[in-house]
Structure formats: structure tokens, C-alpha cells
1. In the calculated pair distance distribution of the range 86-176, what percentage of Cα-Cα distances lie above 23 Å?
2. For the range 87-98, just list the computed ³J(HN,Hα) in residue order, Karplus coefficients 6.51, -1.76 and 1.60, θ = phi - 60°, integers in Hz, with x standing in for Gly and Pro.
3. If I take R0 = 22 Å and measure r between the Cβ atoms of Gln172 and Asp133 in this structure, what FRET efficiency does the formula 1/(1 + (r/R0)^6) give, to the nearest 0.05?
Amino acid sequence: MALGVIAILVGLVLRSGSDEPPPAAGASSGAGSTSRSQQVDTYVAPRKDEIGAGLAKLSPRSQQGISALAPAGGLAGEGGTKGFPKHSVVLTMTSAAPIGVVGYVVPTSVDRSSGTAEGVGTSWSLSTTAYGDPDYAQLFAQAGPRGDPITCTITIDGRVTERRSTDGPYGQLFCQG
């Protein structure tokens, strides 16, 4: 008798962790029953008209850049940064002595987002297009042992936004504009 009570309690404890409903009285767990682990959940994609109705509920500010649905049911668009304002970016480095290495980062440029240039001589320049709001670009350089100044210039849409120069031997330079 005690073993029977223990077996029932163990069964109840094990069953309480399951999210299945208990079987109905008199129901068998034979071959005709289906357990939760055997059921398959399916995903039903929304129809295009349902997606369009959802987009219509967006505020006008949220709808910027959303013009139509793409053929595959997604949103039309150009991707990560191209929906933002476009800016012309020109980066330059100049010095009286050869510049060892120039490092640059233009995070929202599609074709030249970052890199280094070595052996550039006394001047270096890069033109690209950036998208979005400031800050558009960063430049890095270090002067040599003689301390000849290196000057960086960042120009955005024809306007100089940053100009700095190194100072002294091994002077470091960080420009952001």
C-alpha cells in the first residue's frame, strides 16, 4: 500500500512539470492518442493586404522611406544607411616630410568605410560619400622623429569642418568632422 501511494505521488510530481492537460477519466494512452511533443506548430505568413494595412497605421514620420511593398512581401528600400541624407566627404593629410601611415574611418560610407594608407608621400586625399548626420569621418596619423607637422583637413559638402596639426616629434593626430 505504501509503495502504491509513493508511486502515485512520484507520478504526480513528474506530471506537474509538463504543460499537457491530464488525461480525461477513463482515457487511455494507447496508440490512438497524440502527445504534445508529437504536435507540430506551423507559421502562417501574413498576406500582403494585411501588411499594407499595418503600414497605413504608422505615423507619417515612421513612413519616411516606405514607398511600396517589394515583390517578395518585404519593404522596399535601399538598406542600412542610404535612406539618410547624402554628404560629400573629402579627407586630406599634408606634411613637409613623408607621412608614414594614415588611418581613416567613415562609418556610413558604402565604398570606403575604413582603412589605412602607407607610403603616401607628403600628401594624401580620399573622397567618398557618407550618409546621415555628423560625425562623418575620423583621421589618424603620427609625426616622425623630426617632428615635421602633419595637417589633416576634413571637408563636408565643400565646408571645412576640422583642421588640426601634429606638434613635436612623434606627435599624434586625431581629426573628427
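Read-outs: derived from the displayed coordinates by stated rules, not from any lab. As the structure is a prediction and not an experimental result, all values here were calculated from the model. Neighbour counts run over all protein chains shown; Cβ positions are idealised from the backbone, glycine included.
1. Details: 785 of 4095 pairs.
Looking at the range 86-176, the distances longer than 23 Å represent 19 percent of pairs.
2. In residue order, the calculated couplings are 9, 7, 10, 10, 10, 9, 10, 9, 6, 6, 10, x Hz.
3. Details: r = 27 Å, r/R0 = 1.23.
Efficiency, from the Cβ-Cβ distance: 0.25.
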